[in-house]
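Below is one structure, written out as structure tokens; comments come after it.
The values are calculated or read from the model by the stated rules, or taken from the named source; none is laboratory data. Since the structure is predicted, the reported quantities are computational estimates derived from the model, not experimental observations. When we count neighbours, we look across all protein chains shown, and the Cβ atoms used for this are built from the backbone with ideal geometry, even at glycine.
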Amino acid sequence: MKDSLVITIPSHPKFLSVTRAVTGRIGELYEFAEETIEEIKLAVDEACANVIKHAYKGDTSKKIVLKYSVTRDAFTVIIEDSGITARKGMIKGRNLDDVRPGGLGVHFIKKVFDTFQFDKRKGKGNRLTLIRHMQIKI
Amino acid sequence: MKIMINDYKGKTVVIISGDIDMYSSPDLREQLMVFIGKKTAFLSVDFTMVSYIDSSGIATFVEGLKCMKAYGGRLQFFGIPQGILEIFRFSKLDNVFEMYGTIEDAVNS
């Protein structure tokens, strides 16, 4: 069994609060632990912020599509954009011993989700799949 | 996010409420830079009413801290809710900042 939900948000930072609210509500619906809800809210927020910053270079007129799916053993979020395709070298967490602004987002996402995978088959833009394996009441 | 400035025992207190994210952190940065521009010696940030912080918020404070350290200033945090503290720990930057339980602890440090 699988439940799914799709939302589209404009690529403006003010809508990041909407993604957090939706992500958090999904977590509540499926009775995720409070700590897990906070973690996935942060990670999805960071992934969307990266789309705005890197794929769209701050262009607020674009779209970001978030596809959530919940199964008995996994929570999945697929984030799609039509911006600049991410290259492998661009996407890496940073050395946390190096105290400087920036670069924390990917570190957060990879800490929260078991899978962090860009779909190389996507033509224009990016499709990032985030999967967290967990037991879910569905 | 809202920012209020207060004075407590001669030290500047930045009271933040709401979410610190990619949308609001530029406003926070602008406010911090006003004080840093004046070489404010002590800045205490009240986190009591902060509901969320992301990497852009943490990065803003890291930048502020570095600027303040350059002239011998101190950036202090107090009243950090557990959820926000977890995000700082997640970033492994929690030991970089001066964190206190209360405003008294901060100003008396």
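Within the range B:87-94, is there a residue that is out of contact with any helix residue (DSSP H, G or I) (no Cβ under 6 Å at 6 or more places or on another chain), surrounded by fewer than 19 Cβ atoms within 10 Å (Cβ to Cβ) and at pLDDT 95 or above? Taking every residue of the range B:87-94 in turn, none turns out to be out of contact with any helix residue (DSSP H, G or I) (no Cβ under 6 Å at 6 or more places or on another chain), surrounded by fewer than 19 Cβ atoms within 10 Å (Cβ to Cβ) and at pLDDT 95 or above.
Name the single residue that is surrounded by the most Cβ atoms within 10 Å (Cβ to Cβ) among those in the range B:18-35 being more than 14 Å from chain A (Cβ to nearest Cβ) and under 19 Å from B:PHE97 (Cα atoms). Walk me through it before giving the result.
Our first condition is that a residue be more than 14 Å from chain A (Cβ to nearest Cβ); within the range B:18-35, this holds for B:30-31, B:34-35.
With the extra rule that they be under 19 Å from B:PHE97 (Cα atoms), the set shrinks to B:31, B:35.
Working: B:GLN31: 17, B:PHE35: 20.
Top of the filtered list is B:PHE35.
A search for C-beta distances below 6 Å between a residue of the range A:111-130 that is without any contact (Cβ under 8 Å) to a residue 24 or more places away in the chain and surrounded by 14 or more Cβ atoms within 10 Å (Cβ to Cβ) and any residue that is of a type in the set (Lys, Arg) and outside any loop (DSSP other than H, G, I, E, B), counting only pairs 6+ apart in sequence or on different chains, returns A:PHE116/A:LYS110.
The single condition among (1) within 12 Å of chain B (Cβ to nearest Cβ); (2) farther than 21 Å from A:ILE136 by Cα; (3) over 15 Å from the mean Cα position of the chain (by Cα) that A:ASP59 does not meet is (1).
A search for C-beta distances below 7 Å between a residue of the range A:29-53 that is touching a residue at least 60 places away in the same chain (Cβ under 8 Å) and any residue that is hydroxyl-bearing (Ser, Thr, Tyr) and outside any helix (DSSP H, G or I), counting only pairs 6+ apart in sequence or on different chains, returns A:VAL51/A:SER11.
Would you confirm whether or not the range B:49-57 contains a residue that is among the hydroxyl-bearing types (Ser, Thr, Tyr), in contact (Cβ under 8 Å) with a residue 40 or more places away in the chain and either touching a strand residue (DSSP E or B) at 6+ places or on another chain (Cβ under 6 Å) or in a helix (DSSP H, G or I) (or both)?
No - not one qualifying residue is present in the range B:49-57.
Limited to the range B:1-39, what total is found for residues that are touching a residue at least 60 places away in the same chain (Cβ under 8 Å) and part of a loop (DSSP other than H, G, I, E, B)?
Going residue by residue through the range B:1-39, those that are touching a residue at least 60 places away in the same chain (Cβ under 8 Å) are B:8-9, B:11, B:13.
Right, trim to part of a loop (DSSP other than H, G, I, E, B) and you get B:9.
So the answer is 1.
For the range B:82-94, does any single residue satisfy the condition of being basic (Lys, Arg), assigned to a loop (DSSP other than H, G, I, E, B) and away from chain A (no Cβ under 13 Å)? Taking every residue of the range B:82-94 in turn, none turns out to be basic (Lys, Arg), assigned to a loop (DSSP other than H, G, I, E, B) and away from chain A (no Cβ under 13 Å).
When you scan the range A:88-106, do you find a residue that is at pLDDT 90 or above and surrounded by 14 or more Cβ atoms within 10 Å (Cβ to Cβ), even just one? Yes; the residues of the range A:88-106 include at least one that is at pLDDT 90 or above and surrounded by 14 or more Cβ atoms within 10 Å (Cβ to Cβ).
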